[in-house]
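First comes the structure, then the notes that go with it.
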Amino acid sequence: MMFKGNFLKSIGLTTVLAAAMFLQSCEKENGLTQSTLRFTHKVGTSNVIYDSLMYTNEASNLFSVTLLRYFISDVVLHNTSGDTFVIDTDIYVDARDTNTLTHVFTTEVPNKTFTHLTFNFGFSNEDNVSGMYPSLPESGMVWPDMMGGGYHYMKFEGKFLDNSMITNFKVHTGMLNGNANYFTVTLPLAESISSKFFDMTLVMDLNNWFRTPNTFDLANIIGGMMGNQTAQTQIQQNGQDVFSVIQND
């Protein structure tokens with residue numbers, strides 16, 4: 001009987017230890033004390049290397065990246081029941097400024113099993129109001145009043161090889177004369193979010209701006225594209241698959 005009693009005690013102790021380890025593991029997995037949204041920028045599968053004429057797009061343009069700045073707005077989590085949680089109303093990103101690549105939020109996410117993320121690239125026409133950013137760096141994204149006002153959605157600049165000559169390019173997008181050139185990105189989440197906080201990275205593939213459904217040739221915008229609605233529409237359409245999302249452990 002003594003053996004049986006010790007055996008049962010041993011089983012009980014093992015069960016308690018296993019339960020404690022399980023709880024500790026859960027605490028480690030869900031131990032975030034804030035939410036974090038990160039941004040990273042790639043060409044294909046590689047991180048962007050700036051100021052180097054080394055990339056080839058769908059139109060066979062050999063190009064470099066010197067500047068990448070943009071806004072996203074109305075960043076929202078959704079679930080299948082129609083519930084939403086607003087992460088942020090607007091975020092400014094400068095790919096070369098590390099201070100803009102990580103955004104931290106302390107408001108707890110409700111336990112409603114969110115399955116996908118949406119945001120606008122740029123601003124809706126109603127939200128794109130001149131003067132709402134009085135200070136740099138955001139104020140440096142102003143869009144000319146004579147073209148509709150508000151702010152650039154994106155400034156993507158670099159150099160490319162045009163007939164053996166290195167030429168500047170500027171992919172600048174915005175609300176041209178009231179045309180709604182922004183677009184909404186919808187990203188399914190590999191794992192639903194039902195805990196208080198999250199850690200996610202939004203990944204932009206710059207080459208996707210130049211492909212599908214439109215092969216975008218940089219030689220067609222040597223004079224700029226801010227006043228070119230055809231080019232604005234092509235970039236808007238191409239932007240649908242520019243972003244992907246990674247949920248960090």
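The values are calculated or read from the model by the stated rules, or taken from the named source; none is laboratory data. Note that this is a predicted model, so its numbers are computed, not measured. Note that each Cβ is placed from the backbone with ideal geometry, even for glycine, and that neighbours are counted across all protein chains shown.
What the table below lists for this structure:
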quantity: Test: residue in segment 232-248 that is in contact with a strand residue (DSSP E or B) (Cβ under 8 Å, 6 or more places away or on another chain), within 30 Å of residue 130 (Cα to Cα) and assigned to a loop (DSSP other than H, G, I, E, B); calculated: yes
quantity: Exclusive hit being modelled with pLDDT of 95 or more, aliphatic (A, V, I, L, M) and either touching a Phe, Trp or Tyr at 6+ places or on another chain (Cβ under 8 Å) or part of a loop (DSSP other than H, G, I, E, B) (or both), set 86, 104, 93; calculated: 93
quantity: Check on residue 136, exposed (fewer than 14 other Cβ atoms within 10 Å of the Cβ) and either within 16 Å of residue 37 (Cα to Cα) or not charged (D, E, K, R) (or both); calculated: yes
quantity: Unique match (being surrounded by fewer than 20 Cβ atoms within 10 Å (Cβ to Cβ) and either at pLDDT 95 or above or closer than 18 Å to residue 153 by Cβ (or both)) among 174, 239, 224; calculated: 224
quantity: Out of 223, 178, 239, 174, sole residue that is free of Cβ contacts under 8 Å to residues at least 24 places away in the same chain and assigned by TED's automatic domain parsing to the domain that holds residue 58; calculated: 223
quantity: Condition check for residue 74: surrounded by 15 or more Cβ atoms within 10 Å (Cβ to Cβ), in the same structural domain as residue 164 (by TED's automatic domain parsing) and either at pLDDT below 95 or not aromatic (Phe, Trp, Tyr) (or both); calculated: yes
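Conditions tested, residue by residue: (1) touching a residue at least 24 places away in the same chain (Cβ under 8 Å); (2) farther than 25 Å from residue 125 by Cβ.
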position: 56; (1), (2): no, yes
position: 62; (1), (2): yes, yes
position: 70; (1), (2): yes, no
position: 74; (1), (2): yes, no
position: 79; (1), (2): yes, yes
position: 87; (1), (2): yes, no
position: 92; (1), (2): yes, no
